[in-house]
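Right, one structure below, let's go through it.
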Amino acid sequence: EVIVALGDGTDRSLVSNPGFELGAAEDGQVAGWQVRQGVYNIVAGEGYRGAKFATLQNTGEPLSAALISRRFPISAGEDVSVVLQVKALSGRPTASLYANWYDRSGAVLQSVYLSALDTQGDGTWQELSGLASAPPDTVAAEILVHEGAGNATLGIDEVIVAIGDGTDRSLVSNPGFELGAADDGVVAGWGVGQGVYNIVAGEGYRGAKF
């Protein structure tokens, strides 16, 4: 199956070069993405879904290094879902996922934590996902993947960003319980019958809330 298409991958993700197939390997940069501190590369071989993937080597303190997507348009009140694949290349890296919301002037409205995954030093691909809702006055967003442990190297691939609440992967809304405030006695997108209910922040299976 030889798939040839025009474009940079944004037909399947709101971020450009989501599978890191564009750009030369081992040239110290990641095409279509910005970087913050650390050492970065596109490398050939054993990608999650292709011939290449990105590496993020954090040579400093936790969360000091990040791979940052180009901004993409989004409207206030819209939900954005992020699903990506990560693996350990050296040390015991943690992948920490954030979103930055921007207003029309280009100012950052909020920087929000979505979720994190401790790879436990595992060199096989693992899924990290998160959901968030754009605050008032939002016109654009960007996704940040931080290495959260320090002095470790993380492999990153298939960063799929989409508008919606996750119903592209489930017939029910808010399937990973990432939407809605924590500890407010309600579960966004779900009805309840008796009992006491909450969305809580913690080590959920597919994100920061369960």
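Protection proxy ranking, highest mean first, for peptides 86-96, 136-146: 86-96, 136-146, where packing is the per-residue count of other beta-carbon atoms within 10 Å, averaged.
Computed from backbone phi with θ = phi - 60° and the Karplus coefficients 6.51, -1.76 and 1.60, the 3J(HN,Hα) list for the stretch 28-40 is x, 8, 10, 4, x, 10, 9, 10, 9, 6, x, 10, 10 Hz; x is used for glycine and proline.
Would you mind calculating the relative contact order of the stretch 1-145 from Cα pairs under 8 angstrom and at least 6 residues apart, reporting the percent as a whole number?
22
Averaged per residue, the stretch 98-158 has 38 square angstrom of accessible surface, using a 1.4 angstrom probe with ligands and nucleic acids left out.
Applying a DSSP loop filter and a limit of 12 other Cβ atoms within 10 Å to the GluC sites (Glu not before Pro) in the stretch 12-117 leaves GLU26.
The phi torsions of the stretch 69-79, fed into the Karplus equation with coefficients 6.51, -1.76 and 1.60 and a -60° offset, translate into couplings of 6, 5, 5, 10, x, 7, 9, 3, x, 6, 8 Hz, rounded to whole numbers, with Gly and Pro shown as x. Residues whose amide H comes within less than 5 Å of that of LYS52, counting only those at least five positions distant or on another chain, are GLY45, GLY47 (H built at 1.01 Å from N in the peptide plane). The share of accessible area on the chain that comes from carbon and sulfur is 51 percent, using a 1.4 angstrom probe.
Using the 1.4 Å probe convention, the accessible area of the stretch 27-85 works out to 48 Å² per residue with neighbouring protein chains retained. Under a model in which nothing but the beta-carbon of Lys, Arg (+1) and Asp, Glu (-1) is charged, the chain shows a dipole of about 120 debye around its Cα centre.
The values are calculated or read from the model by the stated rules, or taken from the named source; none is laboratory data. These figures come from a predicted structure and were not determined experimentally. All Cβ positions, glycine included, derive from the backbone under ideal geometry; neighbour counts span all protein chains shown. Side chains included, ligands, DNA and RNA excluded: accessible areas come from the protein's heavy atoms. Shrake-Rupley method; radii C 1.70, N 1.55, O 1.52, S 1.80 Å.
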